[in-house]
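Structure first, then comments.
The values are calculated or read from the model by the stated rules, or taken from the named source; none is laboratory data. This structure is a prediction, so every number in the text was calculated from the model and none was measured. Ideal geometry is used to build each Cβ from the backbone, glycine not excepted, and the neighbour counts take in all protein chains shown. To get the accessible areas, we keep the full protein, side chains included, count just its heavy atoms, and leave off ligands, DNA and RNA. Shrake-Rupley method; radii C 1.70, N 1.55, O 1.52, S 1.80 Å.
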Amino acid sequence: LTSDFQKLRDFGKRKILLLMQDSTGAEEEGHSLSEKTIEKNLEEIFQRSQGRIIAATFSSLINRVQQLISLSEKYGRRVCFEGYSMKTNAEIGRVLGYIKAKKGTITPTKEIVGLSDSKITVICTGAQGEAEAVLMRIATREHRFLRLKRGDSVILSSSVIPGNERTVQFLKDGILRQGAKVFHYKMMDIHAGGHAQKEE
């Protein structure tokens, strides 16, 4: 999307005295990533993965959830949601028409456990390494149904929020020790922060 300069000019005519703007990415050079680039890179993971795909992202990032559902359908995978906020937001998104899935794609976790690994995508919370979030419970073998195994691909589709570096590294270490692969934003472009960068 490009900036709507006419709309900005219209604001300027309304005697607005104060502009408040997000500056989180203002010191980063260039432009933020496009969602097309992210989807292309996520598809590479889907193409290469023979085992389960476990994707963690923010439950409010509905577009990413939809991308993961669409790719799962393209590659013959069923999808389950794990994490209270993920389940809640996905259901709200579905009811409002922001999340679309073919009949039978979205499956309860209990039912997905018996499927072939190559047919499973888990979309969950916990990419920041939160102690009580689903992905950490999977990594520490505390989840009721899901255990990591060799051949799993874990996608962390979020950038690390400052202050969470240690917990995210602990999470990645726990996943890697169990033989699963980890894909994160510093390895490949699989997340855009949502904050405009310097050129924007």
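So here's what we get for this one:
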{"quantity": "Globularity index of segment 31-109, i.e. its alpha-carbon radius of gyration over 2.2 N^0.38 Å", "calculated": "1.07"}
{"quantity": "Pairwise label distance in nanometres, K149 with L96, each label 7 Å out on the Cα-Cβ vector", "calculated": "3.8 nm"}
{"quantity": "Theoretical gain in end-to-end length, E142 to T37 [0.36 nm per residue, Cα-Cα removed]", "calculated": "34.4 nm"}
{"quantity": "Per residue accessible area in Å² of segment 138-180, where ligands, DNA and RNA are left out and the probe is 1.4 Å", "calculated": "56 Å²"}
{"quantity": "Apportionment of accessible area to carbon and sulfur, segment 1-151, percent (1.4 Å)", "calculated": "53 percent"}
{"quantity": "Proximal charge balance of K103 [Cβ under 13 Å; K/R count +1, D/E count -1]", "calculated": "+3"}
{"quantity": "Pair F5, M20: separation of 7 Å Cα→Cβ label points (nm)", "calculated": "2.8 nm"}
{"quantity": "Qualifying GluC sites (Glu not before Pro) in segment 43-139, DSSP loop, other Cβ atoms within 10 Å at most 11", "calculated": "E132"}
{"quantity": "Label-point separation in nm, K110 to T167, each point 7 Å along Cα→Cβ", "calculated": "3.0 nm"}
{"quantity": "Amide H partners (placed H, <5 Å) of V154, local residues excluded", "calculated": "I54, K181, V182, F183"}
{"quantity": "Cα centre as origin, Lys/Arg/Asp/Glu Cβ charges: segment 97-136 dipole, Debye", "calculated": "380 debye"}
